[in-house]
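Presented below is the structure to which this report refers.
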Amino acid sequence: MFDWTVQILILLSLITFSVEILPDLEADTRKLLDITELVITLLFTLEYLLRLYTAKSRLSYALSFYGLIDLMAVIPFYITAGTDLRSLKIFRMLRLLRLMKPFRYGKATHRFSRTLIIAKDEIALFSVTTAMLLYLASVGIYYFENAAQPDAFKSIFDSLWWAVATLTTVGYGGIYPITVGGKLFSFSY
């Protein structure tokens, strides 16, 4: 029952986070969202403090993966509470770490973490290879397309956006090669 309650609170928190950034919200709606966020944060804080209190080693729990996730799920609220400093509002985005709280519950999470440990070398190799391919694609498309489309391919970093969008999706908007060399390069890419 406790696990389900926590997961429902996480879902409710994510919904309120998504709704509160909508433009033109009425004051009553914004107040309800603020109260909901306050109650959820207080419940998560209580959960964290109880876990910390009942842990065999409080320091071990506080520095554990789940302990840090639990702490990071509530800290943004306290950092930004009562302030209107725009620069601190970015900490509110850390509330999205609440998405990781359900991982505490279930055997599948533990199997997944064991699988990640077993496959860490393959994952590292894949990540490095992907990064190299993205960089090579960025450099290549930059040299082919920069002269023809200086606004779209201003730098290798702008070209990196094209490479990521091309590698991970079917493209993005109107950024595509128009030169013969760029088309051949992207075809082979």
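Quick look at the values:
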quantity: Tally of residues being within 26 Å of the chain's Cα centre (by Cα) and surrounded by 17 or more Cβ atoms within 10 Å (Cβ to Cβ) across segment 128-157; calculated: 3
quantity: Qualifying residue in segment 93-115 (condition: assigned to a helix (DSSP H, G or I), modelled with pLDDT of 85 or more and not assigned by TED's automatic domain parsing to the domain that holds D34); calculated: yes
quantity: Residue among Y66, Y61 that alone is within 19 Å of F2 (Cβ to Cβ) and surrounded by 17 or more Cβ atoms within 10 Å (Cβ to Cβ); calculated: Y61
quantity: Condition check for E122: under 27 Å from the mean Cα position of the chain (by Cα), among the charged types (D, E, K, R) and modelled with pLDDT of 90 or more; calculated: yes
quantity: Single residue of segment 166-184 satisfying the filter (at pLDDT 85 or above and surrounded by 14 or more Cβ atoms within 10 Å (Cβ to Cβ)) that is farthest from L134 (Cα to Cα); calculated: T179
quantity: Residue list for segment 16-33, filter: surrounded by 12 or more Cβ atoms within 10 Å (Cβ to Cβ) and either part of a loop (DSSP other than H, G, I, E, B) or modelled with pLDDT of 80 or more (or both); calculated: T16, V19, L25, T29, R30, L32, L33
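The values are calculated or read from the model by the stated rules, or taken from the named source; none is laboratory data. What you are looking at is a predicted structure, and each value in this text was computed from that prediction instead of being measured. Every residue, glycine among them, receives a Cβ derived from its backbone with ideal geometry; neighbour counts consider all protein chains shown.
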